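Below is one structure; the comments refer to it alone.
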Amino acid sequence: MKIHEYQAKDILRRYNVPTPRGTVAFAVDEARAAAEELGGKVVVKAQIHAGGRGKGGGVKLAHGVEEAAAKAQAILGMPLVTPQTGPAGKIVKRLLIEEQMPIAREIYLGVVLDRAIAKPVFMASAEGGMEIEEVAAENPDAILKETIEPGRGLRPYQARRIAYALGIEGDAFDAAVQAMTALANAYEATDASLVEINPFVITHDGHAVALDAKMDFDDNAMFRHADLAELRDLDEEEPLETEAIDHGLNYIKLDGNVGCIVNGAGLAMATMDIIQYAGGMPANFLDVGGGASKDQIRNGFRIILSDPNVKAVLINIFGGILKVDVLAEGVVAAATELNIEVPIVLRLEGTNIERGRQILNDSGLDFTVAGDMKEAAEKVVALAA
Ligand code: GDP
Ligand code: MN
């Protein structure tokens, strides 16, 4: 689960990570009041669940209260386009009004789970402000890494090693060490899957401050963080994905035009691959689950068809726990209640396959049946084109 920058900073503050003073604002007069409170010299920051806001025009410095109000007026309600939002951008509905910092240096800090070693890794780079993916591609040696022993946090010697390697000096050294260990503590205590501070700044007066903050949490741990779960902002989520979660479906919207209904994440990945081998692009990832019910199939179908980009649908099912006849009933129920205007290609295999085929044949609905995955992918790509 993702949250906004101002929410992440509220959390980090509780774990003693230094952040600038700031207030969230949902309207221009709230932004003006916040700027007044902070003395007028502020940063006006668009709050959306995507990075790269600065380059997209979503982060502006203001030198007085009225300028802050004018910047707030300009940013609120604008569609902010960044490399992470897609071309349509995201409408800005919240702002963070924050005191300005006298920046001497910008540094990158991050904590992520390294699945290969099953431990969190603390990362740092002197190239603050740059996307870490870019640094990793161009200059991987510039990324400093320290493995965190689960339950023990980032040890002070590890934080000192990073601060030293970054060349942080003077009062800022201890400040940075304290902030880095606090950051690792916040990551662990909140069951975060990612914490990213880009930039983490050293100020001219020797402070170390989290100027930006991104936190993602492990959805599987949300049950023990009711307070964090409340921070969810449905405005920032793909509505179809939200709906899919409510139906127990694993759905991710993608940019292509071939809708996919598949059971099992592995088969779903293979299906997306084979669609691309056939020259097409999947419109979504949808795993209806190993033991999907007729209702889940129906809802999955409905969600896929409500995406206007979908020009053809491939149903690729291996009936194991989910039996093919149950799937067929779900598909027919969905097809009769929804007005299906796109071609459907089916590739079915597994338990109760004969009964499944019978149900589909008897439905009188128009499906293209394929013998294997390759044929199914070729047919659906051709129909979508
Ligand atoms: P992002 O573009 O979405 O990652 O948003 P950030 O919060 O990282 O802000 C982008 C950039 O704005 C930062 O890298 C800074 O250079 C600049 N910025 C943000 N806050 C301040 C501030 O208080 N003072 C100054 N001078 N620049 C700031
Ligand atoms: Mn940033």
Leading residue by the ranking (farthest from residue 231 (Cα to Cα)) among those in segment 3-36 that are buried (at least 18 other Cβ atoms within 10 Å of the Cβ) and basic (Lys, Arg): 32
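Would you kindly identify the helices (runs of 4 or more DSSP H) lying entirely within segment 117-209 that contain at least 3 residues that are in contact with a Pro (Cβ under 8 Å, 6 or more places away or on another chain)? Before you say what the answer is, go through the steps one by one.
Values: elements: 132-138, 156-165, 171-189.
Filter on segment 117-209 gives 171-189.
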Given (1) away from ligand 2 (no atom under 16 Å from the Cβ); (2) loosely packed, with under 12 Cβ neighbours inside 10 Å; (3) more than 30 Å from residue 73 (Cβ to Cβ), number of the condition residue 120 does not satisfy: (2)
Breaking point among (1) touching a His at 6+ places or on another chain (Cβ under 9 Å); (2) in contact (Cβ under 8 Å) with a residue 60 or more places away in the chain, for residue 41: (2)
Filtered residue count, segment 17-36, keeping only those that are within 15 Å of ligand 2 (Cβ to nearest atom) and over 26 Å from residue 207 (Cα atoms): 0
Only listed residue being surrounded by 15 or more Cβ atoms within 10 Å (Cβ to Cβ), farther than 25 Å from residue 256 by Cα and in contact with a strand residue (DSSP E or B) (Cβ under 7 Å, 6 or more places away or on another chain), chosen from 351, 368: 351
Filtered residues of segment 37-76 (kept if crowded, with 16+ Cβ neighbours inside 10 Å, part of a strand (DSSP E or B) and within 16 Å of ligand 2 (Cβ to nearest atom)): 43, 44, 45, 46, 59, 60
Residue match in segment 204-211 (condition: more than 16 Å from ligand 2 (Cβ to nearest atom) and without any contact (Cβ under 8 Å) to a residue 40 or more places away in the chain): yes
Scope segment 55-64; condition near ligand 1 (Cβ under 8 Å from one of its atoms) and modelled with pLDDT of 95 or more; matching residues: 58, 59, 61
Among (1) part of a loop (DSSP other than H, G, I, E, B); (2) away from ligand 1 (no atom under 11 Å from the Cβ), the one test that residue 12 misses: (1)
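Among the helices (runs of 4 or more DSSP H) contained in segment 247-349, which hold 1 or more residues that are among the basic types (Lys, Arg) and under 23 Å from residue 385 (Cα atoms)?
294-305
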Matching entry among 235, 227 (being within 19 Å of residue 50 (Cβ to Cβ) and part of a helix (DSSP H, G or I)): 235
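The values are calculated or read from the model by the stated rules, or taken from the named source; none is laboratory data. Because the structure is a prediction, the values reported are computed rather than measured. For neighbour counting, all protein chains shown are included, and Cβ atoms are generated from backbone atoms with ideal geometry for every residue, glycine included.
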